[in-house]
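The values are calculated or read from the model by the stated rules, or taken from the named source; none is laboratory data. It should be emphasised that the depicted structure is a prediction, and the values quoted were computed from it without experimental measurement. Heads up, the Cβs are rebuilt from the backbone with ideal geometry, glycines too, and the neighbour counts pull from every protein chain shown. The protein model used for the area step is the full one, side chains on, heavy atoms only, and it has no ligands, DNA or RNA in it. Shrake-Rupley method; radii C 1.70, N 1.55, O 1.52, S 1.80 Å.
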Amino acid sequence: MEIKVVRNILSANEQIAAKNRKLWDEHGVLAVNLMSSPGAGKTSLILQTIRRLRSIMRVAVIEGDIASTLDADKINKEGVRVVQVNTGGSCHLDANMLSLAIDSLPLADIDLLIIENVGNLICPAQFDLGEHKRAMIISCPEGDDKPYKYPLMFTTADVVLVNKIDLLEVLDFNIVALEVAVKGINPQAPIFPLSCKSGEGIEAWVLWLLAERENCKEFYDSL
Amino acid sequence: MHELAITQSMLDLALEQARKAQAKQVTQINLVIGEMSGVVCDSVEFYFNILSQDTIAHRASLSFQQIPIQLRCRRCGTVFSPSEPPWACPSCRQWDAEVVTGRELYIDSIEVE
């Protein structure tokens, strides 16, 4: 006997993601899922973001890593709340891991929650965490052809950050080619070239976050 | 690597459906997997054989319908399969497209006894 199912394999994850999002919505938290390859600069970007925003916004971070607390330790030094999630070998965060981490955060005291996903351009794109926005970093040493190789990640990103532009002079990275590649498949996502090392371009990203937070706040206020 | 999590979710979903139908055995699971999902079918088979042990889905065969990436040009509407980058539209040569197929990741049906 055949039973018609026609259900997304990850529907259980999506149900938990919807619960996470509801929880964030109830507390007026803007949740941003930050994804990239390993070493593209997720933690560096979070540190730069905290330094620019902490005087005007209450920031918290969930750190996803396969193992270790190295990144969480760096963020802890900045004096913001951080929860480490070790995935124990899994190559991505999923909604259930997040729901456990959220339980240990005082959501009413948080305006912006940055979720640092496991470094990987494939698997994290598949798993909805309930986030409001997906931010991704592509760093110049990785090459300008990545949108064609990892189309799901680049298609589902709400904002694309191009990190390590301080290295452009010594690389064969064509930033125009990257922008063309991204815009061809995801015309809505703004692209911000920046350098976490020099600080160049970070302001545009921070202003984007502030605008998203403002949109988010107007939405909550209207409820 | 995400195949482990995906296979577990797929198995859970198949077992849930089989239970609802009061089935004794799941004999086949028909899956639809888009190319953009990055799922390697051989890995799913591998994990399935391990994860399904001691369940009524053990020894069920997996059938994979693989869906290639297809894009629709936003300028002229042509539907095309991208090959070598840049993924320009073969008709108007512009690169401004939306995904039509390739993101699928679902169980179409299961066969039970």
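Filtered by the rule that a residue be among the polar types (S, T, N, Q) and either more than 30 Å from residue B:93 (Cβ to Cβ) or surrounded by fewer than 16 Cβ atoms within 10 Å (Cβ to Cβ) (or both), the stretch A:157-212 gives A:163, A:174, A:188, A:195, A:198.
Only one entry of A:98, A:93 meets the criterion of being open to solvent by less than 10 Å² (accessible area, probe 1.4 Å), within 14 Å of another protein chain (Cβ to nearest Cβ) and part of a loop (DSSP other than H, G, I, E, B), and that entry is A:93.
Can you tell me which of B:59, B:93, B:75, B:103 is assigned to a loop (DSSP other than H, G, I, E, B) and touching a residue at least 60 places away in the same chain (Cβ under 8 Å)?
Details: B:59 fails: touching a residue at least 60 places away in the same chain (Cβ under 8 Å); B:93 fails: touching a residue at least 60 places away in the same chain (Cβ under 8 Å); B:75 fails: touching a residue at least 60 places away in the same chain (Cβ under 8 Å).
When all the criteria are applied, what remains is B:103.
Among A:145, A:111, which is the only one that is among the charged types (D, E, K, R), open to solvent by 10 Å² or more (accessible area, probe 1.4 Å) and within 14 Å of chain B (Cβ to nearest Cβ)? If you could, list the steps in order and put the result at the bottom.
Working: A:111 fails: within 14 Å of chain B (Cβ to nearest Cβ).
A:145 is the lone residue from the list that is among the charged types (D, E, K, R), open to solvent by 10 Å² or more (accessible area, probe 1.4 Å) and within 14 Å of chain B (Cβ to nearest Cβ).
All conditions in (1) within 21 Å of residue A:122 (Cα to Cα); (2) assigned to a helix (DSSP H, G or I); (3) open to solvent by 40 Å² or more (accessible area, probe 1.4 Å); (4) within 13 Å of chain A (Cβ to nearest Cβ) hold for residue B:5, with the sole exception of (3).
The residues on offer are A:121, A:178, A:129, A:167, and the sole one that is within 14 Å of chain B (Cβ to nearest Cβ), of a type outside the set (Val, Ile, Thr) and either over 25 Å from residue A:47 (Cα atoms) or part of a helix (DSSP H, G or I) (or both) is A:178. Among the residues making up the stretch A:55-90, those that are within 17 Å of the chain's Cα centre (by Cα) and either of a type in the set (S, T, N, Q) or in a helix (DSSP H, G or I) (or both) are A:71, A:72, A:75, A:84, A:86, A:87. The lone criterion from (1) touching a strand residue (DSSP E or B) at 6+ places or on another chain (Cβ under 8 Å); (2) buried (at least 19 other Cβ atoms within 10 Å of the Cβ) left unmet by residue A:58 is number (2). When A:219, A:192 are checked against the criterion of being among the aromatic types (Phe, Trp, Tyr), modelled with pLDDT of 95 or more and not in a loop (DSSP other than H, G, I, E, B), A:192 stands alone in meeting it. Tell me yes or no: at least one residue of the stretch B:55-71 is at pLDDT 95 or above, within 12 Å of another protein chain (Cβ to nearest Cβ), open to solvent by 70 Å² or more (accessible area, probe 1.4 Å) and closer than 23 Å to residue A:188 by Cβ. Scanning the stretch B:55-71 turns up no residue that is at pLDDT 95 or above, within 12 Å of another protein chain (Cβ to nearest Cβ), open to solvent by 70 Å² or more (accessible area, probe 1.4 Å) and closer than 23 Å to residue A:188 by Cβ.
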